[in-house]
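A short write-up of the structure that comes next.
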Amino acid sequence: MTTPNGLLLVDKAAGLTSHDVVAQVRKVLQESRVGHAGTLDPMATGLLVLGVGASTRLLRFAQSEVKRYVGTVRLGVATDSLDAQGVVVDQQPVPTLTTEQVTAVAATMLGPQQQVPPMVSALKVNGRRLHELARQGVHVERDARDITISEFSLVATEDPASWDFEVECTVGTYVRVLLSDLAQALGTVGHLSALRRISSGRHHVDQATTLEELSELVRRGDSPLRPPVDFVTQLERTVIDDDQERQVRMGQRIDVHGSFDAPEIAALNRDGELVAILRPRDEKWKPQVVLPSTRALSAD
């Protein structure tokens, strides 16, 4: 039996943690090496990028990708977690707002900035998760993170207190903090009431499968995995011949065709499969991550 290895895109349902998804995928694929890039809170739905088998070593390339979300913000009500799962801690009137007013305020929140993570989050401080400390009534200082909001738009709904939004942001952005800040800038309070991740880098939720669809694909004997090379679409590439591939698989440094001014490049074989991630070393390229072979190499 071939060991599963590749990229898996899952459309996460509400109510599941990212760890829940990983656990179910491990069971369905009968593979213990499964990891995810970019946690989704239980209330959120949408795209979760997973690595399976040896491809878990490539997850760092997906973790740094720009994310896009859609959802809804509820104005006039604040919660301790800044989302719909929290306890209500404040209520304020919602001013009459026009689309032009909301759009203008949202535009002031674009670009590079710093954001302080919320207390109710999975972030660890001194080995303790913030949400665990928050439940104990412990408040700790959190370091601000550098983030960038590249797109942020909102449209009105039939409910004057609810606005649908779409946002594109860098990794590490807490969308619920962004929306809480927006509500305050609009003269009220607010919380995230719905969230769905629709893309991460070049990966889109339209390409993803639900856990139910995953089980059905495996039952039919179809592979749900995308090739490992899909993890590194942002890297420059070089194509290596069979002799070079042998050298790479033995951990040897190789010369490559072309000139690359990059800290890492992807080495593909003549079939377009990812063989390794290479780093420059002493005018040659040294294998940093080597993927399992899926084909027989030609004889010397």
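Some points to look at:
- Max mean-square fluctuation residue, GNM over the chain, Cα-Cα springs under 10 Å, options Gly76, Gly35, Gly190: Gly76
- Highest-MSF residue in the chain out of Arg145, Arg196, Arg226 [GNM, Cα springs under 10 Å]: Arg145
- Calculated FRET value between Arg202 and Val89, using beta carbons and R₀ = 45 Å, to 0.05: 0.70
- The count of lysine pairs in the chain with alpha-carbon distances below 28 Å, taking only pairs 8 or more places apart or on different chains, stands at 6.
- Note on Glu236 and Gln288: the extension gain reaches 17.2 nm, defined as 0.36 nm multiplied by sequence separation minus the Cα-Cα distance.
- At q = 0.16, 0.31 Å⁻¹, base-10 log of I(q)/I(0) for segment 235-290 (Debye sum, equal scatterers on each alpha carbon): -0.37, -1.56
- Per-residue Karplus couplings for segment 55-61, computed as 6.51 cos²θ - 1.76 cosθ + 1.60 with θ equal to phi - 60°, are listed in order as 6, 4, 6, 9, 4, 4, 6 Hz, Gly and Pro entered as x.
- Distance between modelled label sites at Asp146 and Arg279, nm, 7 Å Cα→Cβ extension: 2.0
- Selected from Asp261, Asp181, Asp11 as most flexible by GNM, with the chain as the system and alpha-carbon contacts under 10 Å: Asp261
- Footprinting exposure proxy for His204, His36, His19 (fewest neighbouring C-beta atoms within 10 Å first): His19, His204, His36
- Taking a ≥ b ≥ c as the square roots of the eigenvalues of the Cα gyration tensor, the chain is classed as prolate, since a/c reaches at least 1.5 and a/b is larger than b/c.
- Cα→Cβ-extended label distance, 7 Å offset, between Thr209 and Arg270, nm: 3.2
- Helical segments meeting 20 Å axial Cα length and Kyte-Doolittle 1.6 threshold in the chain (DSSP H): none
- Taking amide hydrogens as placed 1.01 Å from N in the peptide plane, the amide H of Gly86 sits under 5 Å from those of Ser81, each at least 5 positions away in sequence or on another chain.
- Residue order, fewest to most beta carbons within 10 Å, for Lys67, Lys284, Lys12: Lys284, Lys67, Lys12
- In terms of surrounding Cβ atoms within a 10 Å radius of their Cβ, Met43, Met250, Met109 rank from fewest to most as Met250, Met109, Met43.
- For Val275, distant residues with modelled amide H under 5 Å away: Ala267, Leu268, Asn269
Since every read-out is calculated from the coordinates, none of them should be taken as a lab result. Values in this document were obtained by computation on a predicted structure and should not be read as measured data. Cβ sites come from the backbone with ideal geometry, for glycine too, and all protein chains shown count toward neighbours.
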